[in-house]
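As structure tokens, the structure follows; a few thoughts come after it.
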Amino acid sequence: MDLIKKIFDAGVVGAGGAGFPTHIKLNCSVEYLIANGAECEPLLETDKYLMRCESKKIIKAMEEVAKKIQAKKLIIGLKKKYKEEIKALSKTIEELNSEVELFLLDNFYPAGDEHILVYEITKKSIPAGGIPLDVGVVVSNVGTLVNIFDAINEKPVVDKYVTVIGEIRNPCILKVPIGISIEKCIEAAGGSLINDYAVILGGPMMGKVIYKKQIKKEFITKTIGSLILLPKNHYIIGRKELSIKHIVSRAKTACIQCSMCTDMCPRNLIGHKIRPHRIMRSIGIAKGDEKIFMEALICCECGVCELYACPMGLSPRSMNGYIKNELRNKGIKYQKEQEKTIAKEIREYRKIPVDRLISRLGLTKYKGNKVIGPFEVKAHRVCISLSQSIGRPANPVVSIGDIVSRGQLIGEVKMGELGANVHSSIDGKVCEISDYVVIRSENDEVIS
Ligand code: SF4
Ligand code: SF4
């Protein structure tokens, strides 16, 4: 069977972020295939685990994908400091006599942002509003490649590796069925060390915050690769919970127009016309400048401006996120830049060292935590979103009362649609269908 069809059938989406359907991304022909193993957000361990322990899957999947997209250069981008991962990957490359090469990055944030990674490896800047394909590149997260390998062997995406760290008894990596609750993941990692906590789903810079009362109602999806438990009054949680009203009023009164947010912006440094300080100024004007607001559409929401650069503790990233939504709701899109994008020479000196970022974020306490595992967690109830990715949700193909088995298709999209198939992650009975399919089994969860 054709590779794209297998990937489509298995419901593979980008495992590292927005969840773009992989069968659509790979329908192209390019020069480079880049595996993203940068894992640049502080504290995360999942991708490093995969590079150490699933290196064969990653490299074999790269070779298959490269044949399909006719890529001649196959490169894994990871950090120089990942010694064990470099060793494991190099050994596998040698054993398989593979053409895959390693590109070693410095330890800076956001090395794993697609635009930054592509620039580091190819020295080509993707135009603002564009995608890696515009410069002849496909980027795939290492977790996605593991899923592609499984898809080739006709195994759908039903499990997820998740790092659980922070105020947790046993910082660890868990292998969990998709749809398991966040509460069960926390329990499986030994429970929280504190009473009053919040959880970041994803990395500390870009992840979403949920509170203790929500952990029963939030579930692991194909794109959540980490849970970070932090005290509810932690600096990061406080910054992420500000209301847009509060953010706007502080922008109007406290922005000193120092332009540090723009000077440190990683996308500005690779040559994109994004100037968060001008957006902040425009917010302060009675009738904001629509042209300046358009720049928010090319913000990748990396958080450098608000969690690292701004000396006044303001929130340009959140402001951009808000403006972006408003513009998108009006159907306004950014027109891809046609001029050649040229990175700034000063960029090399403005990369943010991850250790300094960790200290700025107040995460030093968790930096040296030994992360154990992986531990496999089984669930007796899963709540699987039909919309795991960008695009349209899958149509349910099961009914309430149906008995399903692990790996069985429960939601489908049509080939070519921007969406992904969804499969049951446990054996059980369908007991609810809405935006989610809820499946229960009789077995209690077991950690092995
Ligand atoms: S860094 Fe902060 S204070 Fe300076 S221009 Fe940007 S938002 Fe304003
Ligand atoms: S979040 Fe801030 S630093 Fe990051 S791309 Fe957007 S404007 Fe630039």
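The values are calculated or read from the model by the stated rules, or taken from the named source; none is laboratory data. It should be emphasised that the depicted structure is a prediction, and the values quoted were computed from it without experimental measurement. All Cβ positions, even for glycine, are placed from backbone atoms using ideal geometry, and neighbour counts span all protein chains on display. The protein model used for the area step is the full one, side chains on, heavy atoms only, and it has no ligands, DNA or RNA in it. Shrake-Rupley method; radii C 1.70, N 1.55, O 1.52, S 1.80 Å.
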Original post:
Taking the highest mean first, how do the peptides 320-333, 214-227 order by number of other beta carbon atoms within 10 angstrom per residue?
Top reply: 214-227, 320-333
Original post:
In nm, to one decimal, how far is the K208 label point from the D435 one, both placed 7 Å along Cα→Cβ?
Top reply: 0.8
Original post:
So what is the relative contact order of the chain, in percent, for Cα pairs below 8 Å that sit 6 or more residues apart?
Top reply: 18
Original post:
Could you state the per residue volume, in Å³, of the convex hull enclosing the Cα atoms of segment 380-448?
Top reply: 87
Subject >> Dipole of the chain, positive direction: furthest Cα of V139, C261, G190, with charges on the beta-carbon >> reply: C261
Original post:
So if R0 is 51 Å, what FRET efficiency would S405 and K287 give, r being the distance between their Cβ atoms, rounded to the nearest 0.05?
Top reply: 0.30
Original post:
At q = 0.16, 0.20, 0.23, 0.24 Å⁻¹, what is the log10 ratio I(q)/I(0) for segment 33-106, with the Debye formula run over Cα points and no solvent?
Top reply: -0.51, -0.79, -1.02, -1.10
Original post:
Along the positive direction of the dipole of the chain (beta-carbon charges: Lys, Arg +1; Asp, Glu -1; about the Cα centre), which of S125, L174, I247 reaches farthest?
Top reply: I247
**OP:** Output the peptides 51-64, 74-87 sorted from most to least packed, where packing is the average of other Cβ atoms within 10 Å over each peptide's residues.
**Re:** 51-64, 74-87
**OP:** State to the nearest 20 debye the size of the charge dipole of segment 380-448 about its Cα centre, where the only charges are +1 on K and R beta carbons and -1 on D and E beta carbons.
**Re:** 160
**OP:** At 1.4 Å probe size, with every protein chain present, just tell me what the per residue accessible area of the chain comes to in Å².
**Re:** 44
**OP:** Would you calculate a helix-derived [θ] at 222 nm for the chain, using -39,500 (n - 2.57) for each DSSP H run of n ≥ 4 and dividing by the full residue count, to the nearest 500?
**Re:** -8500 deg cm²/dmol
Subject >> Net charge contributed by nearby residues that have their C-beta within less than 11 Å of Q214 (K/R +1, D/E -1) >> reply: +3
Original post:
Using 7 Å Cα-to-Cβ label points, what is the K365/K83 separation (nm, one decimal)?
Top reply: 2.9
Original post:
Share of the chain's accessible area from carbon and sulfur, percent, 1.4 Å?
Top reply: 50
Original post:
Which one of I24, I274, I400 has the biggest mean-square fluctuation once the chain is modelled by GNM with Cα springs under 10 Å?
Top reply: I400
Original post:
What is the spin-label model distance, in nm, from E417 to V397 if the labels are put 7 Å beyond Cα along the C-beta direction?
Top reply: 1.1
Original post:
Given charges of +1 on the Cβ of Lys and Arg and -1 on the Cβ of Asp and Glu, with all other atoms neutral, how large is the dipole of the chain about its Cα centre, in debye to the nearest 20?
Top reply: 1300
**OP:** Please figure out what share of the DSSP beta bridges in the chain is antiparallel and state it in percent, rounded to the nearest 5.
**Re:** 60
Original post:
Per 10 Å bin, what is the whole-percent P(r) computed from every C-alpha pair distance within the chain?
Top reply: 4, 20, 30, 29, 14, 2, 0
**OP:** Of the options G407, A61, P276, report the single residue whose Cα projects farthest towards the positive end of the charge dipole of the chain (beta-carbon charges: Lys, Arg +1; Asp, Glu -1).
**Re:** P276
